[in-house]
Amino acid sequence: MAPVKVFGPAMSTNVTRVLVCLEEVGAEYEVVHLDYQAKEHKSPPFGQIPAFQDGDVVLFESRAIARYVLRKYKSADADLLREGNLKEVAMVDVWTEVEAHQYYPAISPVVYECLINPIMRGVPTNQKAVDEALEKFRKVLDIYEARLSKSTYLAGDFLSFADLNHFTYTYYFMATPHAAVFDSYPHVKGWWERIMSRPYVKKLAANMLIKAP
Amino acid sequence: MAPVKLYGDTMSWNVTRCMVALEEAGADYEIVHIDFDTREHKSPGHLARNPFGQVPAFQDGDLYLWESRAICKHVCRKYKPEMLKAGDLEESAMVDVWLEVEAHQYNAALHPIIFEILISPILGGTCDQKVVDENLEKLKKVPEVYEARLTKCKYLAGDFISLADLNHVSATLCLFATPYASVLDAYPRVKAWWDGLVARPSAQKAATLMKPSV
């Protein structure tokens, strides 16, 4: 079986979303770097990355790619979608949506303002935007704390796609000056530490460096 | 078996997104009204169903769900898995791709527009035309991609209708209650696709329940 291909820079947040899932299922893959400057990344319909190829199957949208990977390489040891159990898959879907529509909008401005803008774009941090985002983010973490007081992971007592979706932005958030926000949420912090202890994290983190172009 | 329950106000396109899925799936369901005026969505009773204090929320026996797209997926998995092409690796991937496109490309641009025009006035605010104009620019790029896609196949995920198509219905009904539905005019295949969707009984029922006010 030929390795599947993920198109895009390895440090991109949505590329990493896919790579985390590939690592979890132990799939063979290669990252094909696309050159932003040459606008090579404008090829899939919306001109965004990542794109993905597995033989004749060409996909875009990171969460759709990730689901395909998790389905194809599902095993007894790696069932991150739980599609065989109606209740479990529903909870995976709920917390995957929560990451997209609640967690990400609150955490991403902090990552953009504190890391991406100043380091990659030479744009100074907008502290007002950071403060507003942090206020929203704390309210989201209140809800996560309550949830994770009841179960080890978000969808239940099993690691799932829902948890993995949080990896990239949380990893970057921990590199901002605001990482200590998590100290007030012991169950969330414990959950994050469990995710960070996955065996492939060091390997992925080596490529997750936000640096000047 | 008790009917499943969908909690919310049917004026919300997120609530009717689920209602369309329930109708298409032929599920036995009831809609339990949640009253925004009395802030019922922030009451302890509702927060127990949706900790973010939003609508919709959903109950199926002892399973409590929220987030409209997760609810829709559950409904399809339980009653009509062919709407997700569950069990087929490639077709289910295409459904997932276009489900994501609806959420992150289409709805991301459309939501602020319909919120400003249809909801803001109801909440006692005014329509922020700058927000509308910025998002119209984003929204205009989307039908072009859909047109190219629908040149290749009848529906978004392939030659079969799926949840990816249906998830567009409720918010697009709202688009037609604004002055901006003309963004679709230049795209004949998109228009034909929409005409087919809106004619479905589930869409007609959603239109009746939503009665978005302008």
Task: Radius of gyration and maximum dimension Dmax of segment B:15-59, Cα, Å - done: 11.5, 32
Open item on the list: Accessible area per residue for chain B in Å², computed with a 1.4 Å probe and the full protein assembly in place, what is it?
Closed with: 42 Å²
TODO: Can you figure out the FRET efficiency of A:Ile119 with A:Ala180, using R₀ = 25 Å and their beta-carbon distance, to the nearest 0.05?
DONE: 0.75
Task: Contact order relative to length of chain A, as percent, for alpha carbon pairs under 8 angstrom and 6 or more apart - done: 23 percent
Task: Two-site label geometry, B:Thr208 and B:Asp37: point separation in nm, points 7 Å out along Cα→Cβ - done: 2.3 nm
Open item on the list: As a test question: what accessible area, to the nearest 10 Å², does B:Ile161 have when a 1.4 Å probe is rolled over all protein chains in place?
Closed with: 30 Å²
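Can you work out the accessible area per residue across segment A:100-213, with the rest of the protein chains kept in place, probe 1.4 Å, in square angstrom?
46 Å²
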TODO: Determine the alpha carbon to alpha carbon distance for each of A:Lys5/B:Lys141; A:Lys5/A:Lys74; B:Lys5/B:Lys73; A:Lys150/A:Lys189 and list only those over 21 Å.
DONE: A:Lys5/B:Lys141
- [ ] Using only alpha carbon pairs under 8 Å that are at least six residues apart, calculate the relative contact order of segment B:4-79 and give it in whole percent.
- [x] 38 percent
- [ ] Calculate, in nm to one decimal, what B:Phe160 and B:Lys141 gain on full extension: separation in residues at 0.36 nm each, minus their alpha carbon distance.
- [x] 4.4 nm
Task: Kirkwood-based Rg to Rh ratio, segment B:60-214, C-alpha trace - done: 0.97
Open item on the list: At 1.4 Å probe size, what's the solvent-accessible area of A:Glu135? Round to the nearest 10 Å².
Closed with: 110 Å²
Open item on the list: Cα atoms only: what Rg and Dmax, in Å, come out for segment A:87-160?
Closed with: 15.0, 47
Open item on the list: Rounded to the nearest 5, what % of DSSP beta bridges with both residues in the protein assembly as shown are antiparallel?
Closed with: 60 percent
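Working with all protein chains in place, sort B:His41, B:His33, A:His166, A:His33 by solvent-accessible area computed with a 1.4 Å probe, largest first.
A:His33, B:His33, B:His41, A:His166
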Open item on the list: What does DSSP give for segment B:4-79 in terms of the percent of beta bridges that are antiparallel, rounded to the nearest 5?
Closed with: 60 percent
Task: Per-residue SASA entry for A:Phe7, accessible area with 1.4 Å probe, Å² rounded to 10 - done: 50 Å²
Task: Hydrodynamic radius of segment B:4-79 per Kirkwood, over alpha carbon pairs, in Å - done: 12.1 Å
Task: Relative contact order of chain B, pairs being alpha-carbon contacts under 8 Å that are 6 or more residues apart, as % - done: 24 percent
TODO: Sort A:Arg194, B:Arg189, A:Arg17 by accessible area with a 1.4 Å probe, largest first.
DONE: B:Arg189, A:Arg194, A:Arg17
Open item on the list: Can you compute the radius of gyration and Dmax for the protein assembly as shown, using only the Cα atoms, both in Å?
Closed with: 21.0, 60
Task: Derived scalar couplings ³J(HN,Hα) [segment B:188-196; Karplus, 6.51 cos²θ - 1.76 cosθ + 1.60; whole Hz; x for Gly, Pro] - done: x, 6, 5, 4, 5, 4, 5, 4, x
Task: Mean ellipticity per residue at 222 nm, deg cm²/dmol - from DSSP H runs of n ≥ 4 across chain B, formula -39500 (n - 2.57) - done: -15000 deg cm²/dmol
TODO: Please report, as a whole percent, how much of the solvent-accessible surface of the protein assembly as shown comes from carbon and sulfur atoms (probe radius 1.4 Å).
DONE: 52 percent
Task: Ellipticity estimate at 222 nm from DSSP helix runs (n ≥ 4, -39,500 (n - 2.57)) divided over chain A, nearest 500 - done: -13000 deg cm²/dmol
Task: Rounded to 5, percent antiparallel among DSSP beta bridges of chain B - done: 60 percent
Task: Rounded FRET efficiency, nearest 0.05, which uses the C-beta distance separating B:Ala199 from A:Val201 and R0 of 51 Å - done: 0.50
Task: Loss of accessible area when B meets A, both sides summed, Å² nearest 100, probe 1.4 Å - done: 2800 Å²
- [ ] Give the ranking of B:Lys5, B:Lys73, A:Lys87, B:Lys152 by solvent-accessible surface, highest area first, calculated with a 1.4 Å probe.
- [x] B:Lys152, A:Lys87, B:Lys5, B:Lys73
- [ ] May I ask you to evaluate 6.51 cos²θ - 1.76 cosθ + 1.60, the Karplus curve with θ = phi - 60°, for each residue of segment B:161-174 and list the ³J(HN,Hα) values in order in whole Hz, giving x for glycine and proline?
- [x] 6, 9, 4, 4, 5, 4, 5, 7, 4, 5, 6, 5, 4, 5
- [ ] Note down the net charge around B:Tyr29, summing +1 for each Lys or Arg and -1 for each Asp or Glu among other residues with Cβ under 14 Å from its Cβ.
- [x] 0
TODO: Rounded to whole Hz and in sequence order, give me ³J(HN,Hα) for segment A:180-196 from the Karplus expression 6.51 cos²θ - 1.76 cosθ + 1.60, θ = phi - 60°, writing x for Gly and Pro.
DONE: 5, 3, 5, 4, 7, 10, x, 6, 5, 4, x, 4, 5, 5, 5, 5, 5
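The values are calculated or read from the model by the stated rules, or taken from the named source; none is laboratory data. Predicted model only: the values in this text are computed from it and were never measured. Neighbour counts are summed over all protein chains in view; Cβ atoms, including those assigned to glycine, are modelled from backbone coordinates with ideal geometry. For the accessible areas, the whole protein counts, side chains as well, though only heavy atoms, and no ligand, DNA or RNA atoms are used. Shrake-Rupley method; radii C 1.70, N 1.55, O 1.52, S 1.80 Å.
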